[in-house]
Amino acid sequence: MIYLDNAASTQIHDDVFESMIPYMREQYGNPSSIHRRGRYARKAVELARKQIASLVNANSSEILLTSGGTESNNMALFGATINSPHSHIITSSIEHDAILEPCRILEDAGFDVTYLPVDRFGTVDISKLESSISEKTKLVSIMYANNEVGTIEPIFEIAKICREKNILFHSDAVQAVGKISLDVKKIPIDMLSISSHKLNGPKGVGALYIRKGTLLSPVIYGGGQERGLRSGTENVAGIVGFGKACDIARETIHHNLQNMKNLRDYMVTKITSEIPHTSLNGHPENRLPNNAHMTFLGVNGEDLIIKLDEYDIHASTGSACSVHTQKASHVLKSMGFSHEQITGSLRLTLGIFNDMKQVDEVVCVLKKVVAELRAVSPFREKYSFAENA
C-alpha cells in the first residue's frame, strides 16, 4: 500500500500511539477531578499543552484545546465577532469549508463578509486586502497554506497590515503546522488553528493559538473547562497523543521538510516529463513541501483515483471534507481553471513514511492508468493521446 493522501489525514506515529495507551487503560481519570487519577490526567494535559505550544513557539497559556481544526476555526470566527454585530470580516475565496461555512452563517446574521480573490497560483491579492479594509473591519482570516494546491500565503505581510490597522488576524494553519517552521512570536498573528491528525497524531483533537490579550467569547458553554472558552471534558488520551506528535514534529521538522521536498520535486519532474499534457498547480516555489497537485488533461480525477486504488495507491482530488457535497473545487475555480482542468486534477500529498521507491512505483502506475483512461477519453483527438500513449 502506498498512501499519498497525507493532506487529508496522516498515519499515527508509533510513539504517539504508545504514549496514548496508559490514558485509555490505567490513567482514565477526569482532569477536573481532584483525586490522584484526576490530578495525573490534568498533569498530562498540561504537559501536552506545552508540547503543542512549543511547536509554534507560543506560551502554553495561549493554547486552547479543541476537537480539531474545524472547531478551532469556528471558535476564532464566532468567538471574535459574536459581540460585534454587523461588523466586517475579510477572508479569501479559497478557504477551507470550515471557514467559508461559518462566514456564510455570519453573513445571514447581518455581518458583511469580503471574499478576496486569488491569482492563478492561488495567492491572495494583498492590494485587494488593503483596499477592502474599512472602519467596520473586525477580523481577517486567511489560511496559512491551501489544503488543495499547497500554496503558502503571504502571512507575514497580511499580519503586519492587520496589526497596523488594529484588526484581529486569524489563520487556518492546519496544513502548515508540522510541515514547515512556524513561529508566532515572529509573526504578528492573533489566532492560529492546528489539527492533530495532519501531523501524525490522533483524530478528534486540535488547538487554537490565541495570542495573549486577544479577547474571545465562548461558543460552547458548560462546566467552564479551557478557561471558560471551551467547556467539555477533555479528551485526555487524544491530547496526550497530540502533544507527543507535536514534540516529534518539532524535533524532526527540518529533516522531514527537506526529505519531503526532495521526494515531491522528484515526483513532479518524473510525472511532467514522462506523462504528456500534465502540469503542476499552485505556486511553483511558495508551496508546502509535501504537496503535488497535478492536472492530467483528458482524464477524470475521480476515475484516476479509482484506478490508482486498484493498485493500492491512495490519493485524492482535493479536500476530503468537501467530498460529501459533490461539488467542483471552489479553489481551482477561484484560480481561473477551466472545467476540463478541474475535473482532471489529482492531489498527491507525501508524508514522513513515504520514500523514493514508492514514488517510482506511483509514477509507473500513473503512466499506465492515465494512458488507459485517455484511450477512451472524448478529448483523445484534441490532444493526440493515442500518439502519446
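Rounded to two decimal places and with Rh computed the Kirkwood way over Cα pairs, what is Rg over Rh for the chain?
Reported Rg/Rh, Kirkwood definition of Rh: 0.99.
Relative to a virtual label point 7 Å from the Cα of MET24 in the Cα→beta-carbon direction, which members of the stretch 186-216 show backbone nitrogen distances below 11 Å?
Output list for this probe position: 202-203.
On the accessible surface of the chain, probed at 1.4 Å, how many percent belong to carbon and sulfur atoms? The partial results should precede the final answer.
On the way: 8760 of 17080 Å².
Solvent-exposed carbon and sulfur of the chain make up 51 percent of the total.
In percent, what relative contact order does the chain have, based on Cα pairs under 8 Å that are 6 or more apart in sequence?
23 percent
Determine the sum of side-chain charges near VAL236: Lys and Arg each +1, Asp and Glu each -1, restricted to other residues whose C-beta is under 14 angstrom from that of VAL236.
It works out to a net charge of +3.
Please list HIS283, HIS293 from largest to smallest accessible area, probe radius 1.4 Å, with all protein chains kept in place. Numbers along the way, then the final one.
Details: HIS283 35, HIS293 0 Å².
The ranking, largest first, comes out as HIS283, HIS293.
Return the calculated 222 nm mean residue ellipticity for the chain, to the nearest 500 deg cm²/dmol, obtained by summing -39500 (n - 2.57) across DSSP H runs with n ≥ 4 and dividing by the residue count.
Rounded to the nearest 500, the figure is -12500 deg cm²/dmol.
With just the Cα atoms of the stretch 49-198, tell me how far they stretch along each of the three principal axes, in Å, largest first.
38, 35, 28
Just to be sure I understand the model, the point goes 7 Å from the Cα along the line to the Cβ. What's the resulting SER217 to GLU46 distance in nm?
3.1 nm
So for the stretch 238-379, averaging the separation of alpha carbon pairs under 8 Å that are six or more residues apart and normalising by length, what relative contact order in percent results?
30 percent
Mind ranking 99-107, 327-335, 131-139 by how tightly packed they are, going by the mean number of other C-beta atoms within 10 angstrom, highest first?
327-335, 99-107, 131-139
Provide the percentage of antiparallel DSSP beta bridges, counting only those with both residues in the chain; round to the nearest 5.
Bridges in the chain are about 50 percent antiparallel.
Could you state the principal axis extents of the C-alpha atoms in the stretch 178-253, from the largest down, to the nearest angstrom?
Cα spread of the stretch 178-253 along its principal axes, largest to smallest: 38, 32, 14 Å.
Using θ = phi - 60° and the Karplus relation 6.51 cos²θ - 1.76 cosθ + 1.60, list the HN-Hα couplings for the stretch 116-128 in order, rounded to whole Hz, with x at every Gly or Pro.
Result, rounded to whole Hz: 5, x, 10, 7, 5, 9, x, 9, 5, 7, 4, 5, 5.
Over the stretch 1-97, average the accessible area per residue using a 1.4 Å probe and give it in Å², no decimals.
Roughly 45 Å² per residue, with all protein chains present.
Going by amide H atoms built from the backbone, whose H comes under 5 Å of the H on SER141, apart from near neighbours?
It is ILE90, THR91, HIS170, by chain and number.
Separation between the GLN11 and ALA109 pseudo-spin-labels, each 7 Å from Cα along Cα→Cβ, expressed in nm?
Each label point lies 7 Å from its Cα, and together they span 4.2 nm.
Under a GNM of the chain (C-alpha, springs under 10 Å), which listed residue has the highest mean-square fluctuation: ILE158, ILE194, ILE126?
ILE126
Compute the length gained on full extension between GLU101 and ALA328: take 0.36 nm times their separation in residues and subtract their Cα-Cα distance, giving the result in nm to one decimal.
Full-extension gain reported as 80.1 nm.
The values are calculated or read from the model by the stated rules, or taken from the named source; none is laboratory data. Predicted model only: the values in this text are computed from it and were never measured. Cβ atoms come from the backbone with ideal geometry, glycine included; neighbour counts cover every protein chain shown. The area values use the complete protein model at the heavy-atom level, side chains included, leaving out ligands, DNA and RNA. Shrake-Rupley method; radii C 1.70, N 1.55, O 1.52, S 1.80 Å.
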